[in-house]
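Asks: One structure follows; several queries about it will come next.
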Amino acid sequence: MRIAVTSIIGLVLAALVCTVPASAEDWPAWRGPAHDGTSKETGLISSWSPEGENLVWRQDFVGRSTPVVLDGRVCASGRSGEGITRQEMVACFDAETGAKLWEYKFNVYHTSVPWNRVGWGSVTGDPETGYVYHQGVGGWFHCFDSRTGEIVWKRSFLEEYGFMEGYGGRTQTALIDEDRVIITFSNTSWGPEGRPLHRIRAFDKRTGEQFWVSSPADSQADKNTQSTPNVMVVDGQRLIVAGNGGGGIYAVQARTGVPVWGFQLSKRGINVSVVTDGKRVYGGHSEENVDEAQMGRVVAIDADGTGDVTASKEAWRLPIGSGYPSPALHNGRLYVADNSANLHAIDAQSGKQIWEVNYGRVGKASPVVADGKIYVTEVNGRVVIIELGETEGKILDADVVKTPDGRDAEIYGSVAIAYGRIYFATEEGIYCLGDKNREFSVTASEAPALPDEGTPGPVARLQVIPGDLIVHPGSTVDFRVRAFDAKGREVTAPAVEWATALEGELANGQYTAPFRSSFSGLVTAKAGDLSANARVRVLQNLPILEDFEGVDPGGRPNYEMAYGARFEVEDLDGNHVMAKGPSPIKIHRHITFLGRPDLSDYTVQGDVMATRDGRKAGDIGFINSGYTMELLGAYQMIQVRSWQSELRMMQQIDFPFEFGAWYTMKMRVEQQDGKAIIKGKVWPKGEAEPDAWSITVEDPLPIEQGAPGLSGFSPAPIYYDNISITSNR
């Protein structure tokens, strides 16, 4: 009898051990609290089934990103709708029950990214504020309050910075570091940012004001990549380290953006997010190497260098083609998934491969280490759990998620581990796995402990905030200054003198813009030999009139935004016009903007001319509030659309026109009763305007505002002139 009682007590204690979590915390970033693909959680499941085993909940959702888990909420990006209702979205669910808490849907436009690649970038959570951040495929960047779904602030990277997207759809995920949200993307705008490059930007995570921008690479091989930045402290410098569209891995000072070192790894852009142990940086790729014929490489870089460290700081390399999955780093081992879904265990110090196991066919998602296991997904619907042994990896469980029609559901995102559960998003739904009998509790995660940076030195650099902005005529901006030492540590800012060549008034850092036409320039703060600038574009209220006569041939209006190098003023028969010629790289479709992104309910009118070169014919048109209207040269049509690759809400009519002849085009967008009404007409220049609109299109999910601009496809030259942008009111 005594033995039986003891056995019962033992069973009860064992049950308590199994139901009380040893560690359960948030997963605020897609690679976890430490940005290394690891979790401290224990007692996690070793098997599951889509039919119900260890399946806590599932909700309808279509996603290809990794969720984050923050303060009891699971947040993810994805896509929603069919046909004309297709939109990008961010949603949050209750982490315990799966109940949907909120969702925010927004239109996709001005992009060639196809529907099945929408919702690529993962959201990022900030435990301090409770905010989540998301970059969309078309350049919209949102900061949400994860508790309510309310938008705290947002930026249109395309209309404000000349964000460059591509059909590939690879989209960046943000990093939270101290008071900054850091995001990278390729852009082309004005001044020093006119050259297309992949840049790193830091914004105030609470307000969206830009702190700094850094252009560490001197060339760009790919304009859309997905390497998420990481943070480390080396020799008293807090660094942001990230892969770049130019094929290198770069470290810049976290508070200033000043480049510290660069390592050229590939001839194409880097998609792998690096991990770090505080002394080394680990990354990889699967394209052509810069120094050998071998395709792909996993590399360890000693992080204590300066300048170009390609030849001096490579600690080891392995010929593994890992182009998309990011490695996980745990207990001195690097776990790398390659493009063919082989998982490699590598000694992080020596680079020696210890074991390898295959878990599928296509490796896109990144492995996550927790509780002596690796959780990894595979594109063809597989969710795999691998036991980590000293000398081998053993597959414990592999299950396939199916769509309702029996197809393998696509999975591109990794798992998130929080509160003793495993969360992941698929094409078919969003899932929560775990022991249903385990107690559920919410615990905040701890920020990674980084080395002390030491005592700051004397002032070596100034920073003007906000660093890049659009100013309305007549409005006032208060600039402020931060100061840093040579290692990027913040120090007390000295007294500064302010200066600007911009029209308007500047006194004690307060700038008031005049009421006049649009222009751009710098506001400068000086202290002794130190100086720093803020980039300012003053964009006028409506009406906007532009005949290009005030711009020298070969130039462009200095307030113009996005792809400026493809548009330039030309003297045509003694008249200055905006011209767009064939692209030297054979990518002939571009857009550019001539006004503010907050404009709504307006009409764009101007003169346009398309030409033809043999069978190559140009398309030409205008942008109004996110919608595009073009004359299609090859098809002799007028077309209205809002999404280039999907031709969302597209309508077109026949309209024969002559090449080499000028026409007047008029495009009006009205916001009415929760809908957008897009109207257009075209007639020969110099003739009377027709009373009737040639084409009228209704959008039930309206784009409510957007910058006016020019759109064109130019295998043969196209021309614009006499642009007027007027309010419908």
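The values are calculated or read from the model by the stated rules, or taken from the named source; none is laboratory data. In this text the structure is predicted, and so the values were computed from the model without any measurement. Here Cβ is always computed from backbone atoms with ideal geometry, including for glycine, and neighbour counts include all displayed protein chains.
Asks: Among the listed residues I677, I638, I653, which satisfies the condition of being crowded, with 20+ Cβ neighbours inside 10 Å, assigned to a strand (DSSP E or B) and among the hydrophobic types (A, V, I, L, M, F, W, C)?
Replies: I638
Asks: Please return the ranges of strands (runs of 3 or more DSSP E) entirely within region 241-298 where 2 or more residues are surrounded by fewer than 24 Cβ atoms within 10 Å (Cβ to Cβ).
Replies: 259-264, 280-288
Asks: If only one of E646, E630, E704 is part of a strand (DSSP E or B) and in contact (Cβ under 8 Å) with a residue 60 or more places away in the chain, which one is it?
Replies: Within the list E646, E630, E704, the selection yields E630.
Asks: Now a separate question. Just one of the numbered conditions (1) surrounded by fewer than 19 Cβ atoms within 10 Å (Cβ to Cβ); (2) modelled with pLDDT of 95 or more; (3) within 18 Å of S714 (Cβ to Cβ) is not true of S583; which one?
Replies: (2)
Asks: When you check D338 against the structure, is it under 25 Å from R201 (Cβ atoms), touching a residue at least 24 places away in the same chain (Cβ under 8 Å), under 28 Å from the mean Cα position of the chain (by Cα) and surrounded by fewer than 24 Cβ atoms within 10 Å (Cβ to Cβ), yes or no?
Replies: Details: under 25 Å from R201 (Cβ atoms): no; touching a residue at least 24 places away in the same chain (Cβ under 8 Å): yes; under 28 Å from the mean Cα position of the chain (by Cα): yes; surrounded by fewer than 24 Cβ atoms within 10 Å (Cβ to Cβ): yes.
So D338 fails the test.
Asks: Oh, and also: Go through region 345-367 and report how many residues are assigned to a strand (DSSP E or B) and over 17 Å from H330 (Cα atoms).
Replies: Residues in region 345-367 being assigned to a strand (DSSP E or B) and over 17 Å from H330 (Cα atoms): 2 in total.
Asks: Exactly one condition in (1) more than 24 Å from G138 (Cβ to Cβ); (2) touching a Leu at 6+ places or on another chain (Cβ under 7 Å) is false for Q605; which is it?
Replies: All conditions are met except number (2).
Asks: For region 12-52, what are the residues that are outside any loop (DSSP other than H, G, I, E, B) and either modelled with pLDDT of 55 or more or of a type in the set (D, E) (or both)?
Replies: W27, T38
Asks: Also, I was wondering about something else. The conditions are (1) within 30 Å of D547 (Cβ to Cβ); (2) hydrophobic (A, V, I, L, M, F, W, C); (3) not in a loop (DSSP other than H, G, I, E, B), and W498 fails exactly one of them. Which is it?
Replies: (1)
Asks: Run E150 past the list (1) more than 22 Å from P259 (Cβ to Cβ); (2) free of Cβ contacts under 8 Å to residues at least 40 places away in the same chain; (3) touching a strand residue (DSSP E or B) at 6+ places or on another chain (Cβ under 6 Å); (4) of a type outside the set (G, A, S) and report the number of the one that doesn't hold.
Replies: (3)
Asks: Now for a different question. Please go through (1) in contact with a Lys or Arg (Cβ under 9 Å, 6 or more places away or on another chain); (2) over 25 Å from K205 (Cβ atoms) for G245 and return the number of the only condition it doesn't satisfy.
Replies: (2)
Asks: Across region 152-180, which residue is nearest to E646 (Cα to Cα) among those that are of a type in the set (A, V, I, L, M, F, W, C) and touching an Asp or Glu at 6+ places or on another chain (Cβ under 8 Å)?
Replies: Looking at residues that are of a type in the set (A, V, I, L, M, F, W, C) and touching an Asp or Glu at 6+ places or on another chain (Cβ under 8 Å), I get L158.
Asks: How many residues are touching a Ser or Thr at 6+ places or on another chain (Cβ under 9 Å) and either among the small types (G, A, S) or outside any strand (DSSP E or B) (or both) if we restrict to region 147-170? Give the derivation first.
Replies: Pass one, region 147-170, residues touching a Ser or Thr at 6+ places or on another chain (Cβ under 9 Å): 152-153, 158, 160-170.
Then drop every residue that is not either among the small types (G, A, S) or outside any strand (DSSP E or B) (or both), which leaves 158, 160-162, 164-170.
Qualifying residue count for the region: 11.
Asks: Determine if region 182-189 includes at least one residue that is in contact with a Ser or Thr (Cβ under 7 Å, 6 or more places away or on another chain) and modelled with pLDDT of 95 or more. Break it down into steps so the answer makes sense when it comes.
Replies: From region 182-189, those in contact with a Ser or Thr (Cβ under 7 Å, 6 or more places away or on another chain) are none; that's our starting set.
Checked against the condition, which is being in contact with a Ser or Thr (Cβ under 7 Å, 6 or more places away or on another chain) and modelled with pLDDT of 95 or more, region 182-189 yields no hits at all.
Asks: Just to check your reading of the model, which residue among D691, D699 is crowded, with 18+ Cβ neighbours inside 10 Å and of a type in the set (D, E)?
Replies: D699
Asks: Which members of region 58-92 meet the condition of being under 20 Å from V401 (Cα atoms) and assigned to a strand (DSSP E or B)? Show your work before the answer.
Replies: To start, the set of residues in region 58-92 that are under 20 Å from V401 (Cα atoms) comprises 58-67, 74, 76-80.
Result: R58, Q59, V74, A76, S77, G78, R79, S80.
Asks: Continuing with this model, one more query. For residues in region 395-440 being of a type in the set (A, V, I, L, M, F, W, C) and surrounded by fewer than 21 Cβ atoms within 10 Å (Cβ to Cβ), which is nearest to the chain's Cα centre (by Cα)?
Replies: This residue is A409.
Asks: What number goes with the only condition from (1) touching a residue at least 24 places away in the same chain (Cβ under 8 Å); (2) closer than 30 Å to E427 by Cα that W261 does not pass?
Replies: W261 satisfies every listed condition except (2).
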